[in-house]
Amino acid sequence: MLTVWGRKTSSNVQALMWCIGEMGLPYQRHDVGHKYGGTDSDEFYALNPNRTVPVLQDDANTPLWETGAILRYLANRYGGESFWPAELLAKTEVDRWAEWSKLNIAQAFTAPVFWRVVRTPEDKRDIEAINAAVEYFETKLQIAEKRLSEHPFLVGEAFTLADIQFGHVMYRYYDIDIDRRPLPNVRAYYMRLTSRQAFREHVMVSYDELRA
């Protein structure tokens, strides 16, 4: 049984839960962080000295933290061949795009765009900074736009770990009130993700509790 600490409105928790859902693994999740608190307790410090979510514990094993590391753990232990290949170069190709997605997509969207639009009071929003952040984010999306013109998923024909790292911010990108440039292949990719039950359950989640 997997145990997860982290609120369902955390984008990092959503990536983890989406992965768990795709693999069909049994789990229990505890709401921790933001309005739920709990990260400042001694018990949580023992799980993660950084006091951040998510944290994963698989049975009685050592608690794991850092989303990318947790996802790779799950992929190595439970992932199928198409999701996380055994052959080194094929696995590295998935890992490369997963790392690219974390650094260039998730990090370029969550704080610079989403927080400024949703988690900042309207009268305090820096529209110039938001527009600049969206423009930068979409320069990175253009790389994915080209990739997705060649095959249905980020690495190739199969859904992989890289799609978890890339795709988990797409719901919020298309849902928040911003001007978006036309990226038809990224848009079609997002629509394919919405047909996945685990994506709908764990990523297409209301973020009203985060609004300023």
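Couple of notes before you dig in:
- Residue match in segment 164-182 (condition: touching a Ser or Thr at 6+ places or on another chain (Cβ under 8 Å) and farther than 21 Å from Asn104 by Cα): no
- Ala188 among the small types (Gly, Ala, Ser), part of a helix (DSSP H, G or I) and more than 13 Å from the chain's Cα centre (by Cα): yes
- Within segment 1-60, being over 25 Å from Phe159 (Cβ atoms), among the acidic types (Asp, Glu) and modelled with pLDDT of 95 or more holds for Asp31, Asp40, Asp42, Glu43.
- Residues that are surrounded by fewer than 17 Cβ atoms within 10 Å (Cβ to Cβ) and among the hydroxyl-bearing types (Ser, Thr, Tyr), drawn from segment 90-109: Thr92
- Residue tally, condition loosely packed, with under 13 Cβ neighbours inside 10 Å and either in contact (Cβ under 8 Å) with a residue 40 or more places away in the chain or under 15 Å from Met17 (Cβ atoms) (or both), over segment 194-212: 5
- Residues that are aliphatic (A, V, I, L, M), over 19 Å from Val186 (Cβ atoms) and within 18 Å of the chain's Cα centre (by Cα), drawn from segment 96-144: Ala111, Val118
- Taking (1) hydrophobic (A, V, I, L, M, F, W, C); (2) in contact with a helix residue (DSSP H, G or I) (Cβ under 7 Å, 6 or more places away or on another chain); (3) without any contact (Cβ under 8 Å) to a residue 24 or more places away in the chain in turn, Met17 satisfies each apart from (3).
- Pair list, Cβ < 7 Å and 6+ apart or interchain, from segment 28-48 residues that are on the phi < 0 side of the Ramachandran plot and free of Cβ contacts under 8 Å to residues at least 40 places away in the same chain to residues that are surrounded by fewer than 17 Cβ atoms within 10 Å (Cβ to Cβ) and outside any loop (DSSP other than H, G, I, E, B): Gln28/Thr3
The values are calculated or read from the model by the stated rules, or taken from the named source; none is laboratory data. These figures come from a predicted structure and were not determined experimentally. Here Cβ is always computed from backbone atoms with ideal geometry, including for glycine, and neighbour counts include all displayed protein chains.
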